[in-house]
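Here the structure is laid out as structure tokens; the discussion comes afterwards.
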Amino acid sequence: MKHQKIYEAGDKMISLIKDNYDLLQSLGSFGINLGFGDKTVKEICEDNGVDTYTFLAVVNLVINGYSDFDNDEQLSVPTLLHYLEASHVYYLDFQLPFIRRELAESIDESDSLGILIMKLYDEYSREIRRHMMYEEQTLFPYVNALLEGRAAGDYTIETFSKTHEEASEKLKELKILIIKYMPSDVRRNNQLMATLHDIYNNEEWLSLHAQVEDKVFVPAIRRLERLSRRSDVTKNISSMVFKGGQENGDMLSERERDVIVALVQGMANKEIADHLCISVNTVITHRRNIARKLQIHSPAGLTIYAIVNGLVDISAVKL
Ligand SMILES: [Fe+2]
Ligand SMILES: [Fe+2]
């Protein structure tokens, strides 16, 4: 834990950065650019369409390791999603190539040890890229679907959470190899030290990124899942009714439709028989077939079916 202060909406952004300049990397991922003068956190967040509570949850975790925020409900999933996506772009497109260039400058790439170091770094990069691509291709689309109320399948945030770990064994190995075994001349030594320093920084960034995912993102998605499960109950009922009509509507015969129309107008079997000039037994047979085809048995269910599928006008229905 580096600082004890928990930052709040009314604090000036510049004072947060003075306390911890690592925060600069996060600001970019939130889409907040420099040049914000003396504005407070809240003002800057509002200017940039970032949810202030979520911003502070991430910032307090990154700076203080503080993840005990009381209110998962207030976390904005779109803000988090945007932040994580932008963090991936920052890391993959900027940070990884940046360190590679530094590394290439500080070692002798024609030397066999140098070749191996670069090889190890490239393997590390591939591993991280794979990790982040998985999140982008599986986790984020799932969360987007959840937000739009159309998540399907077995995938849940628990599936992600159980196996989520940031792979950085290769980077640890790389540092040890450089520190312990890399022969260096005076000219290269300063460069190599600076590169090592950046690699350490890099590692810390990645571990904080994983913590934001585990301690802020995962709880927020868990909550979203709970909410969507609740609204699914209502949705399922209407989709069941609608599906019955959609999939089997064409299979109903003309006569069966007539029976439904008569039924929803409140007619009894005898009345339907007279109305359609058929026997009561035939009406009963039609009703049995309708129930089998639509999987709808109750008069109320048939009424809904008839309205949804345009067999009757709502005004003609006897409620
Ligand atoms: Fe990630
Ligand atoms: Fe991750």
Problem set entry | Residues (away from ligand 1 (no atom under 12 Å from the Cβ) and not basic (K, R)) located in segment 118-136 | M118, L120, Y121, D122, E123, Y124, S125, E127
Exercise. Within segment 151-166, how many residues are exposed (fewer than 13 other Cβ atoms within 10 Å of the Cβ), within 20 Å of F217 (Cβ to Cβ) and not acidic (D, E)?
Worked result: 3
Exercise. Taking only pairs six or more apart or across chains, which ones have beta-carbon atoms under 6 Å, a first residue in segment 189-216 that is in contact (Cβ under 8 Å) with a residue 40 or more places away in the chain, and a second residue that is part of a helix (DSSP H, G or I) and within 12 Å of ligand 1 (Cβ to nearest atom)?
Worked result: H209/S87
Exercise. Within segment 74-93, can you find the residues that are within 13 Å of ligand 2 (Cβ to nearest atom) and either on the phi > 0 side of the Ramachandran plot or without any contact (Cβ under 8 Å) to a residue 60 or more places away in the chain (or both)?
Worked result: E85, H88, L92
Exercise. Can you name every residue in segment 153-170 that is within 16 Å of ligand 1 (Cβ to nearest atom), in contact (Cβ under 8 Å) with a residue 24 or more places away in the chain and among the hydroxyl-bearing types (S, T, Y)?
Worked result: S161, S168
For this session: Residues being more than 16 Å from ligand 2 (Cβ to nearest atom) and not charged (D, E, K, R): count how many of those fall in segment 195-223.
Result: 6
Seminar exercise, completed: Looking across segment 171-214 at residues that are under 18 Å from the mean Cα position of the chain (by Cα) and surrounded by fewer than 18 Cβ atoms within 10 Å (Cβ to Cβ), the single one that is nearest to ligand 1 (Cβ to nearest atom) is A210
Problem set entry | Filter result for the condition that a residue is touching a helix residue (DSSP H, G or I) at 6+ places or on another chain (Cβ under 6 Å), among the small types (G, A, S), farther than 16 Å from Q25 by Cβ and part of a helix (DSSP H, G or I), over A57, A86 | A57
For this session: Confirm whether P141 is on the phi < 0 side of the Ramachandran plot and outside any helix (DSSP H, G or I).
Result: no
For this session: Output the number of residues of segment 106-115 satisfying the condition of being in a helix (DSSP H, G or I) and touching a residue at least 60 places away in the same chain (Cβ under 8 Å).
Result: 2
For this session: Of the conditions (1) at pLDDT 90 or above; (2) assigned to a loop (DSSP other than H, G, I, E, B); (3) more than 23 Å from E135 (Cα to Cα), E46 clears all except one; give me its number.
Result: (2)
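One line per residue, one yes/no per condition, for (1) at pLDDT 90 or above; (2) assigned to a helix (DSSP H, G or I); (3) in contact with a strand residue (DSSP E or B) (Cβ under 7 Å, 6 or more places away or on another chain):
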{"site": "Q95", "(1), (2), (3)": "yes, yes, no"}
{"site": "I99", "(1), (2), (3)": "yes, yes, no"}
{"site": "A104", "(1), (2), (3)": "yes, yes, no"}
{"site": "R126", "(1), (2), (3)": "yes, yes, no"}
{"site": "Y134", "(1), (2), (3)": "yes, yes, no"}
{"site": "G153", "(1), (2), (3)": "no, no, no"}
{"site": "I178", "(1), (2), (3)": "no, yes, no"}
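The values are calculated or read from the model by the stated rules, or taken from the named source; none is laboratory data. In this text, all values refer to a predicted model and were calculated from it rather than measured experimentally. FYI the Cβ positions are ideal-geometry reconstructions off the backbone, even for glycines, and counts take in every protein chain you see.
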